[in-house]
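Everything below concerns the one structure shown next.
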Amino acid sequence: MLCDNLCFLVFFLTVLAFETVLTSRCEELVALSTLEDKQTVVDTNLELLAGTWISEGCETRPGPEYVIRYYQFGDKGNFTLIQHHYWDESCSSPKLTLTATGRLSLRNSLIQPGASTGYPKLRNITVIPQDVNAAKELDRFVAAKCPGQYWKTWRRYEEHLVYENKNTVRRKLPAYLSTVHNFHSVNSQRNVLHASGHISCLGSLKWAFNEIKLIKIQLRPLSASRIKKLKEMKMELLLGDIHSNPHLREVYNPTSFQVPLLKYSDNEIVTVNKHPYLIKNTNTMMSNVFTNAKIPPHLLVKLNLPPYIWGEWTSVRCEIRNMGLYLKRLFYFYSEDSTWIGEHKFYSDPFCTVIRFSVTAAGYMNTVGESKVIEGSYDIDFNIERASLTVMDQRMITDMHLTDTCGLDEWVVNVPKELSSTKGCLQLGIVLPSVLQDIVKIEMDFRGSLILFLGQSDSDNLPSLMKERPTAFQPPLMKCGDVTAYSQELRDILYDDLEISNEGNRFFQIPVVMLTMSLVICYVHIS
């Protein structure tokens with residue numbers, strides 16, 4: 001017998017208790033993020049796009065790749081996009097610099113509300129290796145991609161033209177940069193552009209800038225802002241996500257977003273829907289580190305913190321996932337017995353105002369050791385033993401055919417149902433028991449708050465056949481409180497379920513925390 005009625009009742013009373021005993025700090029963060037989401041203003045057009053947009057810090061992309069972005073747009077859609085790539089996750093050791101120029105036009109997106117589909121016309125792409133190892137790596141890359149074609153040997157600091165659109169008007173090569181940036185390099189080699197090094201077969205590098213195929217501009221209120229004549233906001237530029245599979249990036253059309261770029265603008269007044277807003281610069285990385293576009297900034301090496309994830313962690317904003325999934329997360333981690341419980345609430349809109357369903361999962365975790373892929377991160381396994389599903393829409397129950405396949409008895413809207421009796425819910429990709437091979441990293445933000453990063457799932461929402469761990473992260477969770485060393489109620493529930501699960505073989509499958517079956521995506525997207 002999987003679980004009697006008493007166990008079922010205790011499980012959900014425990015979950016309910018977890019949700020209602022939040023500390024004041026957690027309640028404050030949840031309320032603040034909800035308010036900021038509701039007050040976020042979205043308006044995507046070329047006029048608001050014009051200006052300079054900068055990364056908030058070192059960004060980790062799937063691969064992993066470590067990048068700082070510095071993008072400039074003109075009011076007619078002209079752009080210069082600079083990506084500084086690094087060897088390390090702190091962005092302290094530069095690897096190479098990619099620069100693209102061109103022009104962009106926008107149309108309303110059919111994928112993300114308030115966003116625009118970008119139609120870029122690239123003029124050219126140049127690459128600068130920033131050290132000897134990067135130059136050697138580029139030589140090997142070109143040899144593999146361009147067999148039989150001559151190119152000038154890559155050297156540190158030398159700029160190579162690797163893509164040029166023949167249909168655009170050709171100008172003197174350095175001119176397109178000198179109109180936007182001031183170059184004061186102490187090394188004259190950094191001002192050399194090798195036209196003879198044009199490598200025509202590397203046009204595939206256009207994928208590096210596929211992110212501008214999906215664009216969203218939003219004004220997000222500042223939490224410290226007080227009521228004034230003009231509401232103080234920060235401007236964010238959300239660009240399309242990068243596919244987790246490098247081989248698919250060239251043909252991939254984004255459906256979600258990366259971490260936002262912040263507009264470098266202080267005390268600028270913008271008007272959206274006839275309402276004026278005062279734009280403040282909140283970026284801790286100032287634009288003066290980009291005085292020379294060809295010389296990457298060197299950031300300080302991050303302090304690596306141990307994976308002490310015990311406590312309560314919550315989302316600080318509505319999170320956007322592939323194919324129109326919007327969610328908020330809440331986790332509890334217990335130190336003495338390494339148990340955990342997590343809740344994912346899924347919404348129908350990018351501001352997380354209309355909830356569709358929620359999933360609560362619980363189990364054990366095991367820190368495997370330091371990651372061999374991302375420095376400062378740790379490999380961690382989440383054993384998922386129990387899960388419950390709460391549906392807030394009768395239509396979802398009918399369309400998904402949840403009755404008799406996802407838990408026992410009839411479904412009732414807004415009433416949680418335990419899923420162990422049916423070993424999960426295949427329609428939603430929930431399999432019990434299951435193991436999620438993940439990565440985890442803890443950092444401290446500039447305010448002194450602890451933030452927790454968990455691994456980003458596959459872009460196609462598919463399990464990895466090689467059981468590879470993620471190479472990038474989801475949006476961070478913020479620590480909002482402490483918990484007791486263990487929960488006896490949770491122990492009792494998990495121990496009962498673990499005895500049952502040990503009778504069969506453990507296997508890997510899409511875990512509940514991803515919830516990515518296409519039927520769910522379609523349902524949430526069209527509702």
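The figures follow:
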quantity: Solvent exposure, largest accessible area first (probe 1.4 Å, DNA, RNA and ligands not counted), of 47, 56; calculated: 47, 56
quantity: Viscosity 0.890 mPa s, temperature 25 °C, Stokes-Einstein D of segment 46-172 from Kirkwood C-alpha radius, µm²/s; calculated: 149 µm²/s
quantity: Cβ-based net charge around residue 477, under 14 Å, with every Lys or Arg adding one and every Asp or Glu removing one; calculated: +1
quantity: Of the chymotrypsin sites (Phe, Trp or Tyr not before Pro) in segment 120-172, those whose Cβ has at most 15 other Cβ within 10 Å and which sit in DSSP loop; calculated: 150
quantity: Length added when fully stretched, residue 408-residue 423, from 0.36 nm per residue minus Cα-Cα; calculated: 4.3 nm
quantity: Cα→Cβ-extended label distance, 7 Å offset, between residue 245 and residue 110, nm; calculated: 2.3 nm
quantity: 87, 207, reordered so the largest accessible area comes first (probe 1.4 Å); calculated: 87, 207
quantity: 15 Å beta-carbon shell around residue 369, net charge (K/R +1, D/E -1); calculated: -2
quantity: Accessible-area ranking of 38, 136, 280, largest first, probe 1.4 Å; calculated: 38, 136, 280
quantity: Of 234/302; 38/234; 76/216; 95/121; 206/234, pairs whose Cα-Cα distance is over 22 Å; calculated: 234/302; 95/121; 206/234
quantity: Within-10-Å neighbourhood charge of residue 119 [Cβ basis; K, R +1; D, E -1]; calculated: +4
quantity: Cβ-placed point charges (K, R +1; D, E -1), dipole of segment 271-360 about Cα centre in debye, nearest 20; calculated: 560 debye
quantity: Nearest-20 debye value, segment 409-484 charge dipole, Cβ charges on Lys, Arg, Asp, Glu; calculated: 180 debye
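The values are calculated or read from the model by the stated rules, or taken from the named source; none is laboratory data. As the structure is a prediction and not an experimental result, all values here were calculated from the model. Using ideal geometry, Cβ is built from the backbone for each residue, glycine included, and neighbour counts are taken over all protein chains shown. Surface accessibility is based on the protein's heavy atoms, side chains included, excluding ligands, DNA and RNA. Shrake-Rupley method; radii C 1.70, N 1.55, O 1.52, S 1.80 Å.
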